[in-house]
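Here is the structure we will look at, set down as structure tokens.
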Amino acid sequence: MTNSMRENNQYDADSIKVLEGLEAVRTRPGMYIGSVSARGLNHLVYEIVDNAVDEHLAGFCSTIRVTLEADGSCTVEDDGRGIPIDMHEKGISAERVVFTTLHAGGKFDNNVYKTSGGLHGVGSSVVNALSERMTVSVGRDGLIYEDRYERGVPVTELVDGLLPVVGETDWTGTRINFLPDPLIFDDTVFKEEDIKRRMHETSYLNPELTILYTDLRGDKAQEITFHEPDGIAGFIRALNKSNEPVTEIVYYKGACDNIVVEAAFQFVSEFHENVLGFCNNIYNAEGGTHLTGFKTAFTQLINTYARQLGVLKDKDNNFTGADIRSGMTAVISIKHPDPRFEGQTKTKLDNQDAARAVSQVTGEEAVRYLDRNLDTLRGIIGRAEKAAKIRKAEEKTRTNLLSKQKFSFDSNGKLANCTSRDPSKCEIFIVEGDSAGGSAKMARNRMYQAILPIRGKILNVEKASIDKVLANAEIKTMINAFGCGFSEGYGNDFDITKLRYDKIIIMADADVDGAHISTLLLTLFYRFMPELIYEGHVYVAMPPLYKVVPKRGEGVYLYDDRALAKYRSSHRGFTLQRYKGLGEMDPEQLWETTLDPERRYLKQVQIEDAMSASAITELLMGSEVPPRRSFIHDHAKDAELDV
Ligand code: TTJ
């Protein structure tokens, strides 16, 4: 066997392995991008953009263009050095190795703070595998090189293993154009709201970066420049824009070991605590060690100041961390060379050295700031005093309220509980309206299904204070029924091991009011029992929208408009019944369509759903009427199409 033949065989073997790797991505896309819904689709964009941001962090790229093209594809272009195109040890262009090998990114990357971890950093090869087509263009040394793929398979012929030159240019950088594969994704239309929010967030976290966002799709056409030179301090200003500030925005930056720590915070008159953590530009929904490090150091610091200033006397207890953070909006952003993540959604930072680094930098830098800004310090301590007073008063109210309720689990309001006490098998349906509630009580499987009807609008918890929330009969009933208490800024009495139901199922009409009720319930869970969502216990029931009965044969339930369109295309002469609400179904129908575990459709609530529910509650509840109307409408439409 000649040398070159051996190399050839080797290359063939390698390329077969490559195809097998990318085939695995196509077989189980959810393993790599989380889901094949709108969120998974957006992840493709973020994955590619993150690579360009890495090039920015390495110091070589200042502008990233993100374009949603009229043909449904997405283009991401940077002005960096360009992905390496020279010969890789495998005998082909390095670029091709990057886009055809799982997790190849790091090898070419001399940037220590690469975005890796969680669902992100999965590699541009994953995006390639899930794209109907992808074109990679690289500008280097005055030339444009190009490589093209279809569903991850290269379709460009290499010239002696290297990329063909397709033109000349004075641009340097990388441009990726990709079209998500409709064979993989439920829907391949990019959702611009999430993408814009993410690009804006990225620009706050990288103050020297400019992101040019362009949407070229018909009626959505739009161009926005995201550039936030004030960085995370600007982020805080934006987060607090509709609240009344009681301190300046404090900003500091420092490093410890190899970890760069940046923090910004400000206190507002509202009592809500909003502390956000980012690691290597990625938002950590479940928080983690950077936040613990910050909280520990900050609590200690403020208690020390409070004693020095005589606000706390010898006999007084320390303020709790929650007292001190009441009204605080904070962003903690760290750059870590080797981030590790844990938790249900792999978004909780786990590195112990991150806690040490944030705590040390906060100890030094926050002291340096507060020593010189006594007004801010007084503002913070004043807030803590007020919060501690309220906490003590509320501790009393709470003990009273809960002790009255504690042993009334079965006879609690309108709850029709199930017989079984095995939480792993039990479900509770929270049903909108007494009439649907009545049907559900008759239709259910009494052994394992509990029904809790709730009336119209429950209390909006986003703004209400804790004692008001607890005084609401329906919320009290819910907390008692779940059995695990609740957590709130002023303490954490939540214990998920006591949860009495494996599934908490929200059952509301597929209309405007139903969407509103779901939003309020999700806000409640997100604020007071977020673990329920993190641990995947919260679901939304999907009642059918239609029943069709053909001339001959069985009637069929249809759950969305798409299903109806499909049915119409293959059937003639049938009667169509549109369900206006759950209340219209008799118990038997309700069982068949919505309660029966064998036949029903459930949507598991993701933490992002709850977060956006919480964020939009303000919109829904705010005094300005116009935005409220339009939002509810859009949302109701989404809910119909999104089944
Ligand atoms: C790595 O070190 C040598 C010079 O090039 C570095 C690099 O990888 N640069 C780079 C990659 N710049 N931009 C990218 C990139 C940009 C996009 C939009 C997408 C991807 C997958 C990579």
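Within segment 25-81, restricting attention to residues that are part of a strand (DSSP E or B), more than 11 Å from the ligand (Cβ to nearest atom) and hydroxyl-bearing (Ser, Thr, Tyr), the residue that is nearest to residue 135 (Cα to Cα) is 67.
For beta carbons closer than 8 Å, sequence separation of 6+ or different chains, a first residue in segment 219-236 that is hydroxyl-bearing (Ser, Thr, Tyr) and a second that is open to solvent by 20 Å² or more (accessible area, probe 1.4 Å), the qualifying pairs are 225/210; 225/212. One residue stands out among those in segment 488-512 that are more than 22 Å from the chain's Cα centre (by Cα) and outside any loop (DSSP other than H, G, I, E, B): the one that is modelled with the lowest pLDDT, which is 491.
Only one residue in 563, 541 is open to solvent by less than 80 Å² (accessible area, probe 1.4 Å) and modelled with pLDDT of 90 or more. Which one?
541
Taking segment 171-240 and the strands (runs of 3 or more DSSP E) fully enclosed by it, the elements with 2 or more residues that are open to solvent by 30 Å² or more (accessible area, probe 1.4 Å) and β-branched (Val, Ile, Thr) are at 222-226.
In segment 82-98, which residue that is under 26 Å from residue 190 (Cβ atoms) and part of a helix (DSSP H, G or I) is nearest to the ligand (Cβ to nearest atom)?
Taking segment 82-98 as the starting set, the residues that turn out to be under 26 Å from residue 190 (Cβ atoms) are 82-83, 95, 98.
With part of a helix (DSSP H, G or I) added as a condition, the list becomes 95, 98.
Values: 95: 9, 98: 7 Å.
Only one residue tops the list, namely 98.
Looking at residue 354 and the list (1) open to solvent by 50 Å² or more (accessible area, probe 1.4 Å); (2) closer than 30 Å to residue 255 by Cα, which single condition is not satisfied? Every condition holds for residue 354 apart from (1). Residue 175 - would you say it is within 16 Å of the ligand (Cβ to nearest atom) and basic (Lys, Arg)? In short, yes.
Given the structure, is residue 357 in a helix (DSSP H, G or I) and within 30 Å of the chain's Cα centre (by Cα)? Lay out the reasoning, then the answer.
Details: in a helix (DSSP H, G or I): yes; within 30 Å of the chain's Cα centre (by Cα): yes.
Yes.
Residues that are open to solvent by 10 Å² or more (accessible area, probe 1.4 Å) and either touching a Gly at 6+ places or on another chain (Cβ under 8 Å) or of a type in the set (Ser, Thr, Tyr) (or both) within segment 59-73 comprise 60, 62, 63, 67, 70, listed in sequence order. The set of residues in segment 491-536 being hydroxyl-bearing (Ser, Thr, Tyr) and open to solvent by 30 Å² or more (accessible area, probe 1.4 Å) consists of 497, 526, 534. Please indicate, with yes or no, whether at least one residue in segment 443-462 is assigned to a loop (DSSP other than H, G, I, E, B), touching a Leu at 6+ places or on another chain (Cβ under 7 Å) and either at pLDDT 90 or above or among the polar types (S, T, N, Q) (or both). Yes, segment 443-462 contains at least one residue that is assigned to a loop (DSSP other than H, G, I, E, B), touching a Leu at 6+ places or on another chain (Cβ under 7 Å) and either at pLDDT 90 or above or among the polar types (S, T, N, Q) (or both). Among all residues of segment 296-312, there is at least one that is in contact (Cβ under 8 Å) with a residue 40 or more places away in the chain and in a loop (DSSP other than H, G, I, E, B).
Condition (residue is free of Cβ contacts under 8 Å to residues at least 12 places away in the same chain and farther than 15 Å from residue 264 by Cβ) applied to segment 349-369: is it met by at least one residue? Scanning segment 349-369, I find no residue that is free of Cβ contacts under 8 Å to residues at least 12 places away in the same chain and farther than 15 Å from residue 264 by Cβ, so the answer is no.
The condition (being modelled with pLDDT of 90 or more and open to solvent by less than 60 Å² (accessible area, probe 1.4 Å)) is satisfied by just one residue among 427, 474: 427.
Scanning segment 255-269 turns up at least one residue that is buried (at least 18 other Cβ atoms within 10 Å of the Cβ), in contact (Cβ under 8 Å) with a residue 40 or more places away in the chain and of a type in the set (Asp, Glu).
Please report, ordered by residue number, the strands (runs of 3 or more DSSP E) entirely within segment 513-567 with at least 1 residues that are farther than 30 Å from residue 347 by Cα. Walk me through it before giving the result.
Values: elements: 538-541, 546-550, 556-558.
Here the list reads 546-550, 556-558.
Taking residue 641 as the residue in question, decide whether it is in contact with a helix residue (DSSP H, G or I) (Cβ under 9 Å, 6 or more places away or on another chain), modelled with pLDDT of 90 or more and among the aliphatic types (A, V, I, L, M). Talk me through it step by step, then tell me what you get.
On the way: in contact with a helix residue (DSSP H, G or I) (Cβ under 9 Å, 6 or more places away or on another chain): yes; modelled with pLDDT of 90 or more: no; among the aliphatic types (A, V, I, L, M): yes.
For residue 641, the condition - in contact with a helix residue (DSSP H, G or I) (Cβ under 9 Å, 6 or more places away or on another chain), modelled with pLDDT of 90 or more and among the aliphatic types (A, V, I, L, M) - is not met.
Within the set of pairs 6 or more residues apart or between chains, which connect a residue that is over 13 Å from residue 49 (Cα atoms) inside segment 70-87 to a residue that is β-branched (Val, Ile, Thr) and near the ligand (Cβ under 10 Å from one of its atoms) with Cβ atoms less than 7 Å apart? Close Cβ pairs satisfying both conditions: 81/172; 82/138; 82/172; 82/174; 83/98; 83/138; 83/174; 85/138.
The values are calculated or read from the model by the stated rules, or taken from the named source; none is laboratory data. All figures in this text were calculated on a predicted structure; none of them were measured in a lab. Glycine also receives a Cβ, built like all others from the backbone with ideal geometry; neighbour counts cover every protein chain displayed. To get the accessible areas, we keep the full protein, side chains included, count just its heavy atoms, and leave off ligands, DNA and RNA. Shrake-Rupley method; radii C 1.70, N 1.55, O 1.52, S 1.80 Å.
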